[in-house]
Amino acid sequence: MAMSMTGYGRHTDSLGGRDITVEIKAVNHRYFDFSCRVPRAYGFLEERLKKLVGASVSRGKVEVYVSVVQTAGPDVTVTLNEPMLRSYLEALRKMAQDYGVRDDISVSTLARNADLFSVRREDEDAEAVWSDVSAVTEEALRQFLQMRAEEGARLTEDLLQRADAIAATLPAIEEASTRSCEIYRQHLIELLQGLPEQVETDEGRIMTEVAFYADKLNITEEVVRLGSHLTELRAMLRDNQPVGRRLDFLLQEMNREINTIGSKSQIKDISMLVVQNKAEIEKIREQVQNLE
């Protein structure tokens with residue numbers, strides 16, 4: 001079944017002394033466009049996440065957000081940058097003395113200056129981190145793909161109904177085309193009957209003219225190809241492979257056949273059906289833009 005390009009999935013879990021949250025969302029895009037936002041300390045996860053998601057997604061603008069909050073694990077050591085602190089205090093006291101500013105320096109005031117402290121964390125096991133993050137990502141990805149599948153099923157049902165609506169007009173188009181030849185034959189006979197009596201009417205010549213007209217305006221080939229394209233469209237929509245790009249090309253061919261039928265049409269009935277089918281193809285084209 002065809003998949004939608006839009007989707008959303010989110011999962012949170014506590015693993016390895018970390019609260020991990022992964023959020024995946026996607027919108028339409030011509031190609032696979034991946035972006036990822038992870039905490040600075042876990043930048044090594046980005047390429048792995050791209051491969052993990054890319055194995056299940058071929059088209060769409062996909063954004064992944066990862067939050068990792070340490071709840072236990074590696075020890076953290078905070079040290080004071082004493083040379084900087086001394087320099088900082090000297091500058092503050094000089095400012096108070098030279099400019100008459102009230103000296104209200106306190107520990108809480110100094111603690112706001114992050115440059116005075118150095119935070120050191122013991123190195124984490126990258127493979128252990130990836131094992132935990134990938135587990136959470138896979139569940140978020142499962143939800144994401146399920147949403148894409150459900151939306152894809154709804155789109156597929158709509159497209160199949162529109163394909164059936166076009167197919168239902170083909171017998172009427174063929175019948176109207178056949179009828180147009182008979183109308184033209186009657187028109188020639190009436191035209192000749194209006195001539196003076198001494199002018200002979202040649203039934204063979206009339207049939208030759210009608211045959212030429214029928215051959216010139218024959219749309220059987222276009223109707224057959226259009227029917228074949230509709231069969232291919234149905235097959236594509238039931239395929240489990242990405243079909244969005246292939247459907248784009250197929251719709252171009254369908255539109256070409258409809259336009260040819262319209263250009264050959266000489267009667268109102270066919271022209272109306274052509275307009276109706278072109279509208280359906282345009283609606284199909286709009287929906288196909290949402291398929292992977």
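Quick notes on this one:
- Any hit, the stretch 100-112, residues being touching a residue at least 24 places away in the same chain (Cβ under 8 Å) and not assigned by TED's automatic domain parsing to the domain that holds Leu237: yes
- Among the residues of this structure, Glu138 counts as one that is under 23 Å from Val57 (Cβ atoms) and part of a helix (DSSP H, G or I).
- The condition (being more than 27 Å from Asp158 (Cβ to Cβ), at pLDDT 80 or above and among the hydrophobic types (A, V, I, L, M, F, W, C)) is satisfied by just one residue among Ile189, Ile219, Ile267, Ile183: Ile219.
- For the stretch 44-72, the candidate set comprises residues that are surrounded by fewer than 15 Cβ atoms within 10 Å (Cβ to Cβ) and part of a helix (DSSP H, G or I); within that set, the residue that is nearest to the chain's Cα centre (by Cα) is Gly54.
- Residue ID - farthest from the chain's Cα centre (by Cα), chosen from residues in the stretch 236-279 that are assigned to a helix (DSSP H, G or I) and among the acidic types (Asp, Glu): Asp269
- Evaluated against (1) surrounded by 15 or more Cβ atoms within 10 Å (Cβ to Cβ); (2) out of contact with any Pro (no Cβ under 8 Å at 6 or more places or on another chain), Glu292 falls short on exactly one condition, (2).
- Unique residue being closer than 22 Å to Arg154 by Cα and either in contact with a Lys or Arg (Cβ under 8 Å, 6 or more places away or on another chain) or assigned to a helix (DSSP H, G or I) (or both) when the list is Leu233, Leu226: Leu233
- Across the stretch 1-36, the qualifying residues are those that are part of a strand (DSSP E or B) and without any contact (Cβ under 8 Å) to a residue 60 or more places away in the chain, and the one among them that is surrounded by the fewest Cβ atoms within 10 Å (Cβ to Cβ) is Ser35.
- Test: residue in the stretch 73-88 that is surrounded by fewer than 18 Cβ atoms within 10 Å (Cβ to Cβ), at pLDDT below 95, at positive phi and not in a strand (DSSP E or B): yes
- Filter result (crowded, with 19+ Cβ neighbours inside 10 Å and either within 23 Å of Ala26 (Cβ to Cβ) or touching a Cys at 6+ places or on another chain (Cβ under 9 Å) (or both)) within the stretch 263-289: Ile284, Val288
The values are calculated or read from the model by the stated rules, or taken from the named source; none is laboratory data. Given the structure is predicted, the values throughout are model-derived calculations rather than measurements. Glycine gets a Cβ as well: all are built from the backbone with ideal geometry, and neighbour counts include every protein chain shown.
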